[in-house]
Amino acid sequence: MAEASLPQLRGDAEATPCPSVLELEELLRAGKFSSSRVDEVWPNLYIGDAATANNRFELWKLGITHVLNAAHGGLYCQGSPDFYGSTVSYLGVPAHDLPEFDISAYFSSAADFIHRALSTPGGSWCTAW
């Protein structure tokens with residue numbers, strides 16, 4: 001499979017690169033598929049499933065220091081500050097997988113949480129399903 005990469009920034013150095021829909025589709029087609037329960041999607045930024053988020057030993061092995069759970073309060077969700085103890089910072093978003101659910105109300109707090117995690121020396125974070 002060919003290596004896929006985001007287009008290089010052209011022109012204004014302060015502009016944010018924004019690939020077109022076609023470029024994003026090409027990245028998805030050319031990208032490798034993961035069979036892992038957790039993947040590093042950016043340096044020190046992981047996305048994982050419920051099994052990983054509910055496995056404190058696995059999080060410790062990965063060096064995860066923060067967990068953002070977008071399914072907080074769900075039937076199979078064990079996540080909470082009490083579950084992770086003092087070694088992992090936790091933010092739970094009680095999102096419902098419904099078309100009418102407005103998750104945008106949580107974008108700012110989630111972005112602040114992620115920023116704090118990535119600004120912490122040695123910090124990394126995982127988002128659970």
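Any residue in region 110-118 that is free of Cβ contacts under 8 Å to residues at least 40 places away in the same chain, more than 20 Å from Trp60 (Cβ to Cβ) and among the charged types (D, E, K, R)? Among the residues of region 110-118, at least one is free of Cβ contacts under 8 Å to residues at least 40 places away in the same chain, more than 20 Å from Trp60 (Cβ to Cβ) and among the charged types (D, E, K, R), which makes the answer yes. Quick one: is Ser35 of a type in the set (S, T, N, Q) and modelled with pLDDT of 80 or more? In short, no. I need the full set of residues from region 104-122 which are surrounded by 14 or more Cβ atoms within 10 Å (Cβ to Cβ) and of a type in the set (A, V, I, L, M), in order please. Within region 104-122, Ala110, Ile114, Ala117, Leu118 meet the criteria.
Residue by residue, here is whether (1) modelled with pLDDT of 85 or more; (2) buried (at least 16 other Cβ atoms within 10 Å of the Cβ) holds:
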position	(1), (2)
Leu22	yes, no
Ala30	no, no
Asp39	no, no
Asn54	no, yes
Ile64	yes, yes
Val67	yes, yes
Ala70	no, yes
Gly74	no, yes
Gly79	no, yes
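The values are calculated or read from the model by the stated rules, or taken from the named source; none is laboratory data. Predicted model only: the values in this text are computed from it and were never measured. Don't worry about glycine lacking a Cβ; one is built from the backbone with ideal geometry, like all the others, and counts go over all protein chains shown.
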